Amino acid sequence: EIASRRHCEFISATVKKALLDAGKTIDDVDAVAVTFAPGLIGALLVGVNFAKGLALSLDKPLIPVHHIRGHIAANYLAHPELEPPYLCLVASGSHSHIVKVNDWTEFETIGQTVDDAAGEAFDKAARAMGYPYPGGVHIDKAAQTGDRKKYQLPHPHTANPYDFSFSGLKTAVINLIHNARQKGEEIDRASLAASFTKAVSDSLVPRAMQAAKELGHDKIVVAGGVAANSRIRADFKAAAEKNGLKLYIPPLKLCGDNGAMVGAQAYYEYLAGVRAGSDLNAYATMEL
Ligand code: KG4
Ligand code: ZN
């Protein structure tokens, strides 16, 4: 509810500022793109209804964009030479997906988390460690000076080799902190941050590499807020080099949620003929 109200307060000013920063006017706009799924329904509805009004008043096409497709498309802004098909790992606050991107608007999810998303695990572990929300970036910073082998954390297996599970890892961190506190022992936060990041990376990187190799892809793409993690980026780089795969990751500013990525995917949806009318709805969940 709070997020939705803030969206209402800021959406007009945000659109105005985006145009101003780009040195454009509303007349330069060819189409209006909007995230319609998945996410917090109240916030999505604000965007969808604003976009509908804008498209109608400008008499321009309205293009609905899936949020995760947007994350993937951030890579087209950073790497204009990138073209489907490729294999993509998307890791955000609510998604951990391995996706076959067959074409610009054709996706096949071949693995996903069976419980928490990778970013969610970062945020929950960070909270237990006393960092503010969202905690992923704080764990990233703390881990720089830590020993990633100091704490043994679980590396869960999943029935589908491309699926993920992160809730056991989060629980292990919480228990470790709780037990240390009961014994009056100090936790080495930097090393716990580094060990936790290693456990997440050990789950994400080999699964994505294995999927790329088994499905015959020579390009691997990483997307979503967790792709901003310095250790995970470095591990992907090393693994891609070792396996002879070409690696694409957006720069930090395009990893987390942003409007540019939604515009990038909208371009391809537009070319594919995707249009929405004034009956467009928002959806909290939706398949890729
Ligand atoms: O993609 P995103 O901006 O929003 C969602 O669609 O969820 O991802 C946000 C998630 C949060 O869980 C945040 O803690 C995590 O990405 N994140 C990071 C880092 N920066 C953001 N996790 C680990 N290391 C980072 N540097
Ligand atoms: Zn996101």
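The values are calculated or read from the model by the stated rules, or taken from the named source; none is laboratory data. All of these numbers come straight from a predicted model, not from anything done at the bench. Quick reminder, even Gly has a Cβ in these numbers, built from the backbone with ideal geometry, and neighbours come from all protein chains shown. Just so you know, the surface numbers come from the protein's heavy atoms only, side chains and all, with ligands and any DNA or RNA stripped out. Shrake-Rupley method; radii C 1.70, N 1.55, O 1.52, S 1.80 Å.
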task = With the checklist (1) in contact with a Pro (Cβ under 6 Å, 6 or more places away or on another chain); (2) away from ligand 1 (no atom under 16 Å from the Cβ); (3) over 15 Å from GLU287 (Cα atoms) in hand, flag the one item VAL101 doesn't pass.
result = (3)
task = Please state which one of LYS198, LYS170, LYS124 is surrounded by 18 or more Cβ atoms within 10 Å (Cβ to Cβ), part of a helix (DSSP H, G or I), at pLDDT below 95 and within 24 Å of the chain's Cα centre (by Cα).
result = LYS170
query = Out of the stretch 225-250, which residues are within 16 Å of ligand 2 (Cβ to nearest atom) and closer than 15 Å to TYR76 by Cβ?
reply = ALA227, ILE249, PRO250
Qualifying residues in the stretch 155-167 (those that are surrounded by 14 or more Cβ atoms within 10 Å (Cβ to Cβ) and either among the polar types (S, T, N, Q) or more than 22 Å from the chain's Cα centre (by Cα) (or both)) - the one modelled with the lowest pLDDT = THR158
Among residues of the stretch 135-147, those that are open to solvent by 60 Å² or more (accessible area, probe 1.4 Å) and touching a residue at least 60 places away in the same chain (Cβ under 8 Å), counted = 2
